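Each remark here refers to the structure printed beneath this line.
The values are calculated or read from the model by the stated rules, or taken from the named source; none is laboratory data. Predicted model, so just to flag it, every value in this text is computed and none were measured. Because the Cβ atoms are built from the backbone with ideal geometry, glycine has one as well, and the counts that use them run over all protein chains shown. For accessibility, only protein heavy atoms count, side chains too; no ligands or nucleic acids. Shrake-Rupley method; radii C 1.70, N 1.55, O 1.52, S 1.80 Å.
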Amino acid sequence: MILLTCIVYSQTKKNGTIYLEHPAITIAEQAQQAFIKGDTTKLKSLLAENFKAYNGMNANPDNEGTDKKTFLRQSSFWKNNASYLSIERYPGAYPDALEYKKDNKDDKIWVQTWDMLKGVHNATGVKLNMPLHRLFVINKDNKIETIITYDDGAVFQTLRAGFSTRTNGKLYDQHENINTVRKMVASLEHGDADKAFSYFTEDATFSNLDMPNGETKNLEEEKEDFLMMLTNWDIESIDVRGYPDYLEYEIGNGKVVQSWWDFRVKRKSDGKKINIPVLLIHDFNDEGKIINETGYYTVAAMMEK
């Protein structure tokens, strides 16, 4: 064990110092704030003449980066085209300054930051809310020579897509899946739980506004709750509002029926009548069975005396 310990420690070698506090950290964070505020005068004073910015997610080996002039224009662009911009340290994280010994004859300091970028793009309404990791190289004159950025490129793809118009499938006002929802609701109206829930797959899931976010019920639980409700309430009618829509999406191959209803019920104990507005979202599989129900309704009024 002693020999193993000696071997392990003999294989380690220090290569500099990591700082929790350092003037280079201040410079990096000043540049972050100047960029989102469009303060190009301040930003320009922090950048070296040979400055280059790189996208760390760009795999192009010929990428030459963004020069100082272009980077300043980008700052102005975001200032003029986005609202509520902010960059703050990621919760629980803090920047580091690294002073390397090996191959660092020019005494450069690397600063690594972990932040959250937030804002809203004015033209498209796309929300920016993503982690942002950056590496800064700061020279001995306290000027930033390099910024390497790692961020969520998918957000910017969505932003660019917002400038064009495209379809995402078809919208139907008559379809077999709409018929399925009508038949299912009609079965509920007549208290026929077996028939109503036969239109769902065995592993179907259910949720509504009275449930905690992310929580679902299975088929047996939903059926049991429905039958329990019938012991205290009579369903007088379930009336459609407007008409259901069936949406067949290209993206994700989704098959969704959305429908609006008035659930009219009467309490058996005292004859109290309640009308519950309901929006139902049903997801279908390729075989025409319902795999998920999301109910936008609350039964809080049924709990009142």
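The figures follow:
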item: Region 16-162 - charge dipole about Cα centre, Lys and Arg +1 at Cβ, Asp and Glu -1, debye rounded to 20; result: 400
item: Flagged links, alpha-carbon separation over 21 Å, of 223/272; 223/255; 195/289; 183/268; 42/69; result: 223/272; 223/255; 183/268
item: Dipole magnitude of the chain about its Cα centre (Cβ charges: Lys, Arg +1; Asp, Glu -1), debye to nearest 20; result: 1540
item: Label-point separation in nm, residue 304 to residue 253, each point 7 Å along Cα→Cβ; result: 4.6
item: Heavy-atom accessible surface of region 178-269: percent carbon and sulfur, 1.4 Å; result: 47
item: Heavy-atom accessible area per residue - region 65-146, 1.4 Å, Å²; result: 58
item: Tilt relative to the chain, helix 68-81 - C-alpha long axis, 0 to 90 degrees, to 10; result: 30
item: FRET efficiency estimate (nearest 0.05) - Cβ-Cβ, residue 168 to residue 18, R0 30 angstrom; result: 0.05
item: Backbone HN-Hα couplings from phi across region 178-195 [Karplus 6.51/-1.76/1.60, Hz, Gly and Pro as x]; result: 5, 4, 4, 5, 4, 5, 5, 5, 4, 5, 4, 4, 9, x, 8, 5, 4, 6
item: Label-point separation in nm, residue 227 to residue 149, each point 7 Å along Cα→Cβ; result: 5.9
item: Cα Rg over Rh - the chain, Kirkwood; result: 1.20
item: Folded to 0 to 90 degrees: helix 219-232 orientation relative to the chain principal axis, Cα; result: 50
item: For region 149-214 and region 5-68, distance of Cα centres in Å; result: 45
item: Order by protection proxy (mean Cβ within 10 Å, highest first), peptides 230-237, 242-249, 56-63; result: 242-249, 230-237, 56-63
item: Given charges at Cβ of Lys, Arg, Asp, Glu: region 92-218 dipole, positive-most of 214, 124, 92; result: 124
item: Extended-chain gain in nm, criterion 0.36 nm per residue less alpha-carbon gap, residue 104 and residue 220; result: 35.1 nm
item: Tensor-based shape of region 222-268 (alpha-carbon gyration tensor, a/c under 1.5 rounded, otherwise prolate or oblate); result: oblate
item: Helical contribution to [θ] at 222 nm, DSSP H n ≥ 4, -39,500 (n - 2.57), averaged over the chain, rounded to 500; result: -9000 deg cm²/dmol
item: Accessible area in square angstrom per residue, region 177-266, 1.4 angstrom probe; result: 54
item: Computed E for residue 77/residue 133 - FRET, C-beta separation, R0 25 angstrom, nearest 0.05; result: 0.70
item: For region 218-268 and region 76-146, distance of Cα centres in Å; result: 49
